[in-house]
Amino acid sequence: MDIFYLGLLVANIFLIVYYRLMIHYRQQGDPGRAGLAIVVSLPGKRGLESRHLKYWRNYWLAMLMMCVLVAAGLLWRYPHVAAGFRMVE
């Protein structure tokens, strides 16, 4: 199960980077080489044609999925972390 979870995280990171680079490519036309600053920055809709907005939507879906995976991993793998969020009486 640990390998499956790790595989999901790696695949999700790959999707996030792929969609971010595709957004950059579609906004710039021929951007040349994209650096690390492009990958870690948040994309905007400006400069995207309507047919390329799917990359922008998929990017944010992948980011949401990453949040869900991290939260599920914390609750599943480290139950004492979840217990720390409960209110102490």
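The values are calculated or read from the model by the stated rules, or taken from the named source; none is laboratory data. Worth saying up front: this structure is predicted, and the values here are computed from it rather than measured. These area figures cover heavy atoms from the full protein model, side chains too; ligands, DNA and RNA do not enter into them. Shrake-Rupley method; radii C 1.70, N 1.55, O 1.52, S 1.80 Å.
Taking into account only those residues within the range 39-54 that are over 11 Å from the mean Cα position of the chain (by Cα) and among the hydrophobic types (A, V, I, L, M, F, W, C), which is nearest to Y18 (Cα to Cα)? Only one residue fits best here, namely L53.
The set of residues in the range 1-45 that are at pLDDT below 75 and open to solvent by 90 Å² or more (accessible area, probe 1.4 Å) comprises M1, Q28, D30, R33. If the condition is being small (G, A, S) and either within 8 Å of the chain's Cα centre (by Cα) or at pLDDT 95 or above (or both), then the range 55-77 contributes only A62.
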